[in-house]
1. For a quick check: with amide H placed at 1.01 Å from N, whose amide H comes under 5 Å from Ala491's, ignoring anything fewer than 5 positions away on the same chain?
2. Among 675-687, 312-324, 509-521, 600-612, how do they line up from the highest to the lowest mean number of other beta-carbon atoms within 10 Å?
3. Please report, in cubic angstrom per residue, the volume enclosed by the convex hull of the alpha-carbon atoms of the chain.
4. Going down the list Lys355/Lys384; Lys103/Lys239; Lys384/Lys570; Lys54/Lys112, which pairs span over 24 Å between their C-alpha atoms?
5. Can you work out D for the stretch 31-76 in µm² s⁻¹ from Stokes-Einstein, where Rh is the Kirkwood radius over C-alpha pairs, the temperature is 10 °C and the viscosity is 1.306 mPa s?
6. So what are the radius of gyration and Dmax for the Cα set of the stretch 386-510, in Å?
7. Residue separation times 0.36 nm, minus the C-alpha to C-alpha distance between Arg199 and Asn435: what's the value?
8. Give, in nm to one decimal, the length gained when the segment between Trp515 and Val496 is fully stretched (0.36 nm per residue of separation minus the Cα-Cα distance).
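The values are calculated or read from the model by the stated rules, or taken from the named source; none is laboratory data. Small disclaimer: the values here were computed from a predicted structure and weren't measured. As a convention, Cβ positions derive from the backbone with ideal geometry for all residues, glycine included, and neighbour counts pool all protein chains shown. These area figures cover heavy atoms from the full protein model, side chains too; ligands, DNA and RNA do not enter into them. Shrake-Rupley method; radii C 1.70, N 1.55, O 1.52, S 1.80 Å.
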Amino acid sequence: MSIEVDYGDLPISKPEQDMFGIDGFVQSLARSVRNMRSPNGVVIALNGPWGSGKSSAINLLKHHLSDATTAGDIEVVDFNPWWFRGEEALVLAFFRELYSATKPSLGDKARKLLPKLGARLLNAGGALAPIADTAGASGAGAIASGVMGWLGGMIEDGESVEKLHRELSEALAGQSKRFVVLIDDIDRLAPDEALAMFRMVKSVGRLPNIIYVLSFDRELAERVVAERFPSEGPHYLEKIVQAAFELPAPRGQDVHRILIASIDALVGGIGEHRLRNVMNMFHAAVAPEIRTPRDAARYINALTITWPAVEGEVDLGDFIAIEAFRLFQPSIYRAVRDNQALVCEATRERYDRDKGAERLDAVLLSKVSDKQPYRDALVRLFPKLDTIWGNTIHGGSRFDKDRRIASARHFQTYFRMSIDPDTLSRKDLATILDNPANTAAVSAILKDALSQPRRDGTTRTVGWLEELSAHAEEIPIDAAEPFLRGVFAVADDINVDSDRARGWSIGDNTMRVHWLLRSLLLDRTTLQERSAILLSAAHAAQLAWLGNFTASAWEDYHPREGKNREPEDKCLLTEADGETARALFLDRIRAAAADGSLMDIPDLMRPLYLWMHFLDDDTEIREWMALRIEEDASLVKLAGELTTHSWGQSSDDLVAIRSDRASVGNLEEIMDLDRFKSNLNRLVDRLEAGSDDHQTVDRFLKAWAYRDEHGDW
């Protein structure tokens, strides 16, 4: 069973729609109304807070009185004051409704008594003249069509209210039919209008065979009365109402059970794989806010609109929690939305150890008094907040994969009603994950993404590599080798400068490929299995990547001074396959050196140093470099490759500033450094000032001069 979503919060009208156990109460009320002996203007109140189901109770009462209505024993007068604006309009409309209902059962003379009484009551209250003025002339302020025609010539009639009331009482007492007047939603009216309704019921009062059923929030109504009649307080209503009933409150577990069923139906089944987090988030963040059936209907109506927009792109448990904040705790919702860095990356270093919790409360929970439940809910959404609130450190290894709100990569999707344009959708990701063995497609997708810039200046290739790392376990092991061949085949092409990390961050696309292959294989294969996969894929690798990969695998067994060999479960290749990869790289770099293509590869210096490193002999590379530094094009290429950048920030700056650096520290190992420098100085004088080549060489020489003067900072 689920809450019927109607987008208008309509009340129920049939017993079979009752999910919260109020129908039994209404049935009892209906029996009392039917069996009441000689009712004489009895006023029954149905009390309940906004959203508790009062309108549903009124509808169910009409349902259970329908047999008596059909039999002609009862006439239901259904008056909704919402349709009318202003005190006078409400009173006029009420008498017209009552007149229409009673007219068929009263005699000709008696039929005129009710409108006469209404006119006299209005006139006695000083309200009739303004109505006549407003409803006349142009008709621009007419209260309802035909009002003045209905009043007829009664305004000048000298009959008293008391006489009219007595004659009408005699007429109503003389017939068997009783009238049940239902007045709903009084508490939704403006204060003056609500008081007008109470005064009207009180004034008409003891008319035989008429029963009034009023629904309103008692606390709200008493506050309105207290403002107008301070001395009366609750006694004012007690003089009007003979029997007041509190609408039975639904059990919280029933409301929650039905809401969970509605969520399950909305999302097409919660499923066991996400049930735990969904239920944790439901009880931490959603259930405490759902107190009435209207709360539940309001929540599921909202979710029905927002969920389809982000389905598949967010975690369901996290989404139902943040939606509860949006609807019921908007101050928390806005504070979370506006403080992404804080909630996703909360650390003790960011907040003073002793004052951190207090400051965090001030940022996120300043508008709520009972903070602890909301701390608990936010820690479930953003576990790193527990570093500050609970002094407990949590990892976040699955946040990206599960598209949790705590993932900086997916955070914004929860607040945009759409996926962040810089974030890969599930549909995008499926183009590889549905067929990861399609080597050509993997290569093409990664290369095409280079032409798709993101707002931070990087390319969409970064997003692909990061998402594939997060979802690596979804790639079957038997598809790992063709998948990695596709990645390795474009690894040099995709390692573009725009995708290098800025500021204090580290990483480029070469490192991201390393992270990807480790996520894919390290914990899912034996050393022999992954060695076979990686060595096979390496045959398709571009040269610079092949050198990087080979160095990483070979150095597991031949560590640099001061380091130990890696344990077997951390090695990429077997020792024998490491030697094979080393030989493969040397063959490839020698071939590239011979055919002239070596100077065209990106990140040239790393493969050159590896060439020397793997041989432990610099003769071969020094001879090759001696020829290159005599070539103008090669000098420009080397100047560009050896100009690196660093980012620094002084205590007075709010942003980091990029500075050029000349990476010449170990250059003498592979070339004649003085010859290289002198050739560059001669070249810069020959190049056209302002040309790209001139700027490249000039920038490198200036960085080199700065290094010579100030050292390698």
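1. The answer is Gln542.
2. Top to bottom by mean Cβ count within 10 Å: 312-324, 509-521, 600-612, 675-687.
3. Expressed per residue, the convex hull around the Cα atoms of the chain is 247 Å³.
4. Exceeds cut-off: Lys103/Lys239; Lys384/Lys570; Lys54/Lys112.
5. Numbers: Rh = 12.0 Å.
Stokes-Einstein gives a translational diffusion coefficient of 132 µm²/s.
6. Cα only, the stretch 386-510: 15.7, 49 Å (Rg, Dmax).
7. That pair, Arg199 and Asn435, stretches by 77.5 nm at full extension.
8. Length difference between fully extended and current span is 5.1 nm.
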